[in-house]
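The structure under discussion appears below in the form of structure tokens.
The values are calculated or read from the model by the stated rules, or taken from the named source; none is laboratory data. As the structure is a prediction and not an experimental result, all values here were calculated from the model. So basically every Cβ, Gly included, is an ideal-geometry build from the backbone, and we count neighbours across all protein chains shown. Just so you know, the surface numbers come from the protein's heavy atoms only, side chains and all, with ligands and any DNA or RNA stripped out. Shrake-Rupley method; radii C 1.70, N 1.55, O 1.52, S 1.80 Å.
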Amino acid sequence: MSDGSKLPKRVQVKLLRLEDAEQQAQALISSTIRRIGELERLLVNNPGSPAADALREEITLLRRRQSDHSDRHRECADVNAAIRRYLESLPANVAVEDARQSRPKLKPGENYVSAVERVRRDIAGHVSERLRVQQAGLPIEEIRAKAKDWITQRGRLARPYVTASHDHFTIRFDVYVENAIAPVTDVAAILAWLYPERFSKKIDEIIEQMPKPALAMSARDKSQKLRQIKERLYELEMEEEGLISAAEEQGQIIARRMTADPRAILGLEINRATAAA
């Protein structure tokens with residue numbers, strides 16, 4: 001969705017403010033460099049001036065500020081680039097709406113910086129939990145069930161073809177290993193047809209010896225947990241952006257994370273039902 005006119009007005013305003021922040025940081029870099037140059041010329045032309053030490057101190061201070069402005073510009077540019085990539089990835093017919101927003105509240109003893117740090121710690125915790133869930137293995141009961149299902153299915157496919165006539169008699173297994181580069185007879189499938197119970201018992205013994213995962217979850221539980229984490233992360237990132245925006249209203253700058261969800265930064269939602277229609 002490269003056409004910004006399709007975005008809600010509030011989202012368009014947010015985009016403009018983010019672009020303004022990047023341009024302001026660039027302007028501060030330019031003005032600071034220009035001022036440093038002016039002071040350095042004064043120092044070169046008057047090295048023995050009574051103000052020489054003061055000029056050197058001011059130049060040192062301005063260089064530190066230039067570094068801060070450069071960091072700020074880079075942060076803004078990275079965030080804006082990530083947002084542009086996200087918007088360009090949206091289908092042209094997608095329905096974009098303003099997300100519900102509520103003004104975040106500071107906890108007792110908090111300021112905006114400490115509140116953002118608290119939320120970010122919570123975000124980091126959920127990201128770690130998401131990785132832990134993603135790496136979760138299957139419970140042994142589900143592994144056994146999958147093995148049993150596999151043996152049943154492959155055994156059916158391995159059923160041999162019997163040809164009998166007055167002149168000849170043949171038995172042929174036409175079952176091959178899936179995704180093999182060249183045709184390879186699927187011996188395991190043949191064993192599943194010949195000796196399903198004995199084969200299943202041997203596979204169960206192997207399953208029992210498999211390393212146990214640190215976290216075991218059924219496919220359904222894993223999917224549900226990941227969905228819950230995703231929803232909570234979005235809520236936390238909405239809270240994070242609300243705190244950053246509230247701080248900006250009071251003239252306090254808190255850098256945004258380039259990895260933050262662009263939807264949370266812009267305050268938008270995708271209405272998939274409308275888009276599908």
Inset, instruction - Multiply the residue gap between Glu129 and Arg74 by 0.36 nm, knock off their C-alpha separation, and tell me the result in nm, one decimal place. - result: 16.8 nm
Inset, instruction - Using R₀ = 45 Å, calculate the FRET efficiency as 1/(1 + (r/R₀)^6) where r is the Cβ-Cβ separation of Glu40 and Gln252; round to 0.05. - result: 0.90
Inset, instruction - Only loop residues by DSSP count here, and only those with at most 12 other Cβ atoms within 10 Å; note down the GluC sites (Glu not before Pro) in region 145-252 that meet that. - result: Glu178
Inset, instruction - At 0.36 nm per residue, minus the direct Cα-Cα distance, what do Lys202 and Ala51 gain on full extension? Give it in nm, one decimal, please. - result: 45.4 nm
Inset, instruction - Considering only Val116, Val94, Val162, give the residue with the highest GNM mean-square fluctuation for the chain, with springs between Cα atoms whenever their separation is below 10 Å. - result: Val162
Inset, instruction - Run the accessible area of the chain with a 1.4 Å probe and give the carbon-and-sulfur part as a rounded percent. - result: 52 percent
Legend entry - Tensor-based shape of region 119-277 (alpha-carbon gyration tensor, a/c under 1.5 rounded, otherwise prolate or oblate): prolate
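For an R0 of 45 angstrom, estimate the FRET efficiency from the Cβ-Cβ distance between Tyr176 and Ala216 and round to the nearest 0.05. Don't skip to the end; give the middle numbers.
Numbers: r = 33 Å, r/R0 = 0.74.
Computed FRET efficiency for Tyr176 and Ala216 comes out at 0.85.
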Legend entry - Kyte-Doolittle mean at least -0.5, axial Cα span of 27 Å or more - DSSP H helices of the chain: 9-45, 112-134
Legend entry - GNM result for the chain, Cα springs below 10 Å: residue of Ile253, Ile181, Ile244 fluctuating most strongly: Ile181
Legend entry - Whole-number Å³ per residue for the convex hull built on Cα positions in region 150-211: 98 Å³
Legend entry - Charge sum, other residues only, whose C-beta stays under 9 Å from Tyr234's C-beta, Lys/Arg counted +1 and Asp/Glu -1: -1
Legend entry - In nm, spacing of pseudo-spin labels at Glu88 and Arg64 (7 Å Cα→C-beta vector): 3.9 nm
